[in-house]
Amino acid sequence: MRLAVCAEMVFTELPFAERVRRIHEAGFDVELWDSRSKDIAALKSSGAVFSSMTGYTSGSLVDADTADDVVRTAETLVPTALELGVSRMVVHSAELIDGKAARPAYRANGSMWITGARTLERLGAIGEKHGLTFCLENLNTVLDHPGIPLARAKDTLALVEAAGHPNVKMMLDLYHAQLGQGNLIELVRTALPHIGEIQVADVPGRCEPGTGEINYLAVARALVAAGYEGTVGMEAWASGDDMEALEAFRRAFTVEAAESRHSSAFSTEVAL
Ligand SMILES: O=C(O)C(=O)CO
């Protein structure tokens with residue numbers, strides 16, 4: 001498993017290129033959101049591996065009136081992705097403006113499902129041409145992103161399956177999935193063949209693993225047992241010190257260490 005950290009949410013008092021440098025020096029890959037405001041040359045010169053960035057800038061993938069904008073703006077971002085060596089382009093089922101639904105919709109209809117699958121196929125064709133994978137991210141609609149249709153993990157998975165394109169996968173965000181659904185271990189097992197990347201944060205508060213209710217050690221073990229070898233990215237705020245948050249994330253997803261902690265806790269229990 002490779003570990004990445006979203007540079008948008010940690011070291012927030014530092015200039016962006018400096019955040020990337022610190023994450024890279026700490027041994028993690030880097031996730032970005034909107035690349036348009038970034039100094040791409042400075043990011044590139046950091047030497048960091050960029051695992052993902054936002055892969056469109058307007059339009060809603062499931063909306064017949066604006067889906068073309070998703071495809072058009074995805075194409076405009078390809079040169080940046082190639083320059084930075086980004087592997088995965090993140091898209092959402094509907095457009096977000098400053099995190100809020102651009103055109104809130106509280107019910108999904110047949111047109112949304114069909115448009116969503118077709119738009120993903122078109123993105124897959126762009127991905128295939130340029131060696132990129134477009135990843136549809138699940139979002140929670142109960143707290144952070146109300147009004148985004150087909151955002152639940154199971155809907156996202158259904159859309160990715162319907163597109164059936166090797167360059168279309170899921171950005172499986174376990175923070176959002178916990179808020180929307182829970183049942184995370186079963187979810188990662190079911191979604192496994194379609195996962196492009198996984199994102200994590202704890203609930204409540206969206207901070208690093210270990211600050212809330214999600215048993216990320218158990219999730220990490222399940223991922224290893226299922227044979228997941230892809231990237232897990234921490235898309236989370238630091239509850240306190242940023243570097244400590246990165247280390248807590250690393251500990252949660254270093255499964256050999258987790259296993260030995262588990263077995264020594266077990267032997268203590270047995271000894272008692
Ligand atoms: O909330 C998220 O996870 C997003 O990626 C929104 O940009």
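Taking a Cβ cut-off of under 9 Å around ASN138, the surrounding Lys, Arg, Asp and Glu residues balance to a net charge of -1, with basic ones at +1 and acidic ones at -1. The long axis of helix 255-271 is offset from the longest Cα principal axis of the chain by roughly 40 degrees. The residues neighbouring MET9, those whose beta-carbon lies less than 11 Å from its own, together hold a net charge of -3 under the Lys/Arg +1, Asp/Glu -1 convention. Here is how the number arises for the chain: DSSP H runs of 4 or more residues each give -39500 (n - 2.57), the sum is divided by the residue count, and the result at 222 nm is -13500 deg cm²/dmol.
Sequentially through region 34-41, phi angles give Karplus couplings (6.51, -1.76, 1.60; θ = phi - 60°) of 6, 7, 5, 8, 9, 7, 5, 4 Hz, Gly and Pro residues having no value and appearing as x.
Within the same chain, lysines fewer than 8 places from LYS44 are excluded, and of the rest, those with a Cα less than 24 Å from its Cα are LYS129.
Between LYS129 and GLU213, the distance separating the two model label sites (each 7 Å from Cα on the Cα→Cβ line) works out to 4.5 nm.
Projecting label points 7 angstrom from Cα along Cα→Cβ for VAL49 and VAL142 puts them 3.4 nm apart. Under 5 Å between amide hydrogens, built in the peptide plane, is the criterion, and for VAL90 it picks out MET53, THR54, GLY55, CYS135 among residues at least 5 positions away or on other chains. Its Cα centre serving as origin, region 2-271 has a Cβ charge dipole (Lys and Arg +1, Asp and Glu -1) of approximately 480 debye. Between the amide H of ILE195 and those of MET170, distances stay under 5 Å, these residues lying 5 or more places away or on another chain, with hydrogens modeled in the peptide plane. Against the chain, whose longest principal axis is taken from its Cα atoms, helix 16-25 shows a tilt of about 40°.
Database remark: amide H of GLY210 closer than 5 angstrom to the amide H of TYR216 (H placed geometrically; neighbours at sequence offset of 5 or more, or on other chains; Pro and chain starts carry no H). Over all other residues within a Cβ to Cβ distance under 10 Å of GLY233, the charged ones net out to -3, with Lys and Arg as +1 and Asp and Glu as -1.
Only the coordinates and a few stated rules stand behind these numbers; no lab work does. Because the structure is predicted, anything quoted here is derived from the model rather than measured. Cβ sites come from the backbone with ideal geometry, for glycine too, and all protein chains shown count toward neighbours.
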